[in-house]
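Asker: Sharing a structure, written as structure tokens. Questions coming.
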Amino acid sequence: MQIEESIHIAVPPTVVDQIWSEVDRWHQWDPDTKQARLNGPFAVGTHGRIVPSKGMGIPMLVTERSAGRSFTVEGYIPLFRIHFEHTVVAADGGSEVVHRVWFTGALAFLFGPGVARQVRDGLPRTMRSLKAYAEKRNKTPHDGEAAGPARQQPDR
């Protein structure tokens, strides 16, 4: 069983990849993440922990990383793994972002259906939130517009 969601984001892939690499800030764009951290670089083999907005935290491991293009993390509990794959490619003046989720392990048949329902409900919201976060972060004055001087606040 695999769940997939995609979205077009009006920023270059490098912006999306930079956002992904800031693991301790995932909660700023992923409403289903309360906290995430890695115990080292954003690279294959690095362990960390992810705490969902509802539920208990679980260990995670970076299992794939291609800077500027993709990463996969695996959350794990005994006999159950949840895999989160993220890819980005340049498309239509911005980026096409795809998140895929699937389950493995001896207890996937038991835990998978319930977790899949939560992922199906939450993933579209997460993608919309990532889009808004990335586009706001990348916002610059339009061609021909001046950013204008910063207004000074009166002394109080």
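Quick note: the coordinates plus some simple rules give every number you see, no bench work behind them. As the structure is a prediction and not an experimental result, all values here were calculated from the model. With ideal geometry, Cβ positions are generated from the backbone for all residues, glycine too; neighbour counts draw on all protein chains shown.
Asker: Run the helix sum for the chain: -39,500 (n - 2.57) per DSSP H stretch of 4+ residues, divided by residue count, reported at 222 nm to the nearest 500 deg cm²/dmol. Don't jump to the answer; show the numbers that get you there.
Answerer: Values: 2 runs with 39 residues, N = 156.
Result for the chain, helices only: -8500 deg cm²/dmol.
Asker: If you stretched the chain out fully between N39 and A67, how much longer would it get, using 0.36 nm times the residue separation minus the C-alpha to C-alpha distance? Don't jump to the answer; show the numbers that get you there.
Answerer: Values: separation 28, 0.36 × 28 = 10.08 nm, distance 1.83 nm.
Stretched out fully, the N39 to A67 stretch lengthens by 8.3 nm.
Asker: Here's something else I'd like to know. Top mean-square fluctuation among E22, E74, E96, Gaussian network model of the chain, C-alpha springs under 10 Å?
Answerer: E22
Asker: Let me ask something additional. How much length is gained if the chain between I3 and Y76 is pulled fully straight, taking 0.36 nm per residue apart and subtracting their Cα-Cα distance, in nm to one decimal? List each step's numbers first, then the result.
Answerer: Values: separation 73, 0.36 × 73 = 26.28 nm, distance 1.76 nm.
Once the chain is fully extended between I3 and Y76, it gains 24.5 nm.
Asker: May I ask you to derive the FRET efficiency for R120 and H27 from their Cβ-Cβ distance with R0 = 25 Å, giving the value to the nearest 0.05?
Answerer: E(calc), rounded to 0.05, equals 0.75.
Asker: A further question on this structure: Could you run the Karplus curve 6.51 cos²θ - 1.76 cosθ + 1.60 with θ = phi - 60° over segment 59-67 and give me ³J(HN,Hα) per residue in whole Hz, x for Gly and Pro?
Answerer: Karplus-based 3J(HN,Hα) across segment 59-67 equals x, 9, 9, 7, 9, 8, 8, 10, 3 Hz.
Asker: Based on the alpha carbons, how large is the Rg to Rh ratio for the chain when Rh follows Kirkwood?
Answerer: Working: Rg = 17.9 Å, Rh = 16.9 Å.
Ratio value, two decimals: 1.06.
Asker: Among G68, G55, G122, which one shows the biggest mean-square fluctuation in a GNM of the chain, springs joining Cα atoms closer than 10 Å?
Answerer: Highest fluctuation among the options: G55.
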